[in-house]
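Q: Sending over a structure as structure tokens; questions will come in a sec.
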Amino acid sequence: MIIPAPLPGCSGFSLVHFVYLYWLNFIFNDPFGIGGNTMDSREVLPSEECTHFDPKAFVSNIGAFLIFSATHSLLARTAVKRFLGLEGKPYERPLFAFLSPITWFLSIYGWTPIGNCSRFDILNIGLTQVLISGGIFLLANLYLLGLFYVMPDHVFGTSRYKLAEGEEPPHELLTTFPYNLVRHPAASSFLWMYWVLPAYTVNHLQLAALWTVYIIPATLLFEEGGLRGAEGEFGDAYEEYASKVNAFTPSKHAIANVLGCPVGQRTDRKSA
């Protein structure tokens, strides 16, 4: 199988930006009329005429979400990569990073609102919501983008084409930014962005619930299952890391380290 050297990794890096912008427009319900699918129905009907819950749309949305979640989770499993002949190949990570935004886009494109009684309007929310929800959403957004730009090869495999056939990238436990705040930066960012979005329509709740039900088992059971413990890739080192850094929320220890004041260590400063 011949794949042009940097194509998949760099294409995945570029493609995820397009899908990310499409996703933002989707969850904000296309506030500027750009077009594309929206989380809530474009037309809101009076309470006596609207659909509060459409079971067919509910099931359809689960199927649409599985386009991304099932593909993403399966291709991350070592047994699946070995079966497909991708294990140890320099193009394995770039190919994974290229397919992920495509399946993510398809899951958004296939979304159907389950109710049309209310609609989130980002241009019509209060100042308090803007400051609190908007502030947290912005921080989570910047944190996710920070992961993309600080570690492009780790996420997208942008430099894997330089590896010779059979040569594997170095396996090291990442504990620097953004992994010094939480153990799962991308997953955490999406969890925070979904739940602080001040919409809470039935459509928003299903979407946020789907991502939560997927993220927590996928990271804590499947991903970390291969990293920690006696048979894990990093064993005791990961256990120590996990004792200091939470999975999805910054711990006191992590925040103190980022601020340069490690917990348990005294500074040698003298008062003026």
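The values are calculated or read from the model by the stated rules, or taken from the named source; none is laboratory data. Quantities reported herein were computed from a predicted structural model and do not represent experimental measurements. Don't worry about glycine lacking a Cβ; one is built from the backbone with ideal geometry, like all the others, and counts go over all protein chains shown.
Q: Taking CYS50 as the residue in question, decide whether it is surrounded by fewer than 17 Cβ atoms within 10 Å (Cβ to Cβ) and over 16 Å from the mean Cα position of the chain (by Cα).
A: Yes, satisfied.
Q: Mind listing whichever residues of the stretch 194-233 are in contact (Cβ under 8 Å) with a residue 60 or more places away in the chain and among the small types (Gly, Ala, Ser)?
A: Answer for the stretch 194-233, where residues must be in contact (Cβ under 8 Å) with a residue 60 or more places away in the chain and among the small types (Gly, Ala, Ser): ALA199, ALA218, GLY226.
Q: Further question: Please work out which one of (1) surrounded by fewer than 16 Cβ atoms within 10 Å (Cβ to Cβ); (2) outside any helix (DSSP H, G or I) is the condition ALA209 fails and give its number.
A: (2)
Q: Then there's this: If you take just the helices (runs of 4 or more DSSP H) that sit entirely in the stretch 1-107, which of them hold at least 3 residues that are modelled with pLDDT of 95 or more and under 24 Å from PHE120 (Cβ atoms)?
A: In the stretch 1-107, the matching helices (runs of 4 or more DSSP H) lie at 7-27, 55-75.
Q: Look at HIS184 and say whether it is under 19 Å from THR249 (Cα atoms) and surrounded by 19 or more Cβ atoms within 10 Å (Cβ to Cβ).
A: Criteria met by HIS184.
Q: Quick one: in the stretch 117-134, which of the residues that are within 18 Å of ASN25 (Cα to Cα) and either in a loop (DSSP other than H, G, I, E, B) or polar (S, T, N, Q) (or both) is nearest to the chain's Cα centre (by Cα)?
A: Per the criteria, the residue is SER133.
Q: Scan the stretch 234-256 and tell me whether some residue there is in contact with a Phe, Trp or Tyr (Cβ under 9 Å, 6 or more places away or on another chain), touching a residue at least 12 places away in the same chain (Cβ under 8 Å) and closer than 30 Å to ARG119 by Cα.
A: There is at least one residue in the stretch 234-256 that is in contact with a Phe, Trp or Tyr (Cβ under 9 Å, 6 or more places away or on another chain), touching a residue at least 12 places away in the same chain (Cβ under 8 Å) and closer than 30 Å to ARG119 by Cα.
Q: Consider the stretch 163-172. How many of its residues are over 12 Å from GLU92 (Cα atoms) and either free of Cβ contacts under 8 Å to residues at least 24 places away in the same chain or in contact with a Leu (Cβ under 8 Å, 6 or more places away or on another chain) (or both)?
A: Count: 2.
Q: SER189 fails exactly one of the following numbered conditions: (1) in contact with a helix residue (DSSP H, G or I) (Cβ under 9 Å, 6 or more places away or on another chain); (2) without any contact (Cβ under 8 Å) to a residue 12 or more places away in the chain. What is the number of that condition?
A: Going through the list (1) in contact with a helix residue (DSSP H, G or I) (Cβ under 9 Å, 6 or more places away or on another chain); (2) without any contact (Cβ under 8 Å) to a residue 12 or more places away in the chain, SER189 breaks only (2).
To keep it simple, each residue is scored yes or no on (1) closer than 25 Å to SER243 by Cβ; (2) outside any loop (DSSP other than H, G, I, E, B); (3) of a type in the set (Ser, Thr, Tyr).
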position	(1), (2), (3)
ILE136	no, yes, no
LEU142	no, yes, no
GLY146	yes, yes, no
TYR149	no, yes, yes
HIS154	yes, yes, no
LEU173	yes, no, no
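Q: Just to be sure, is PHE26 in contact (Cβ under 8 Å) with a residue 40 or more places away in the chain, buried (at least 19 other Cβ atoms within 10 Å of the Cβ) and under 16 Å from the mean Cα position of the chain (by Cα)?
A: Criteria met by PHE26.
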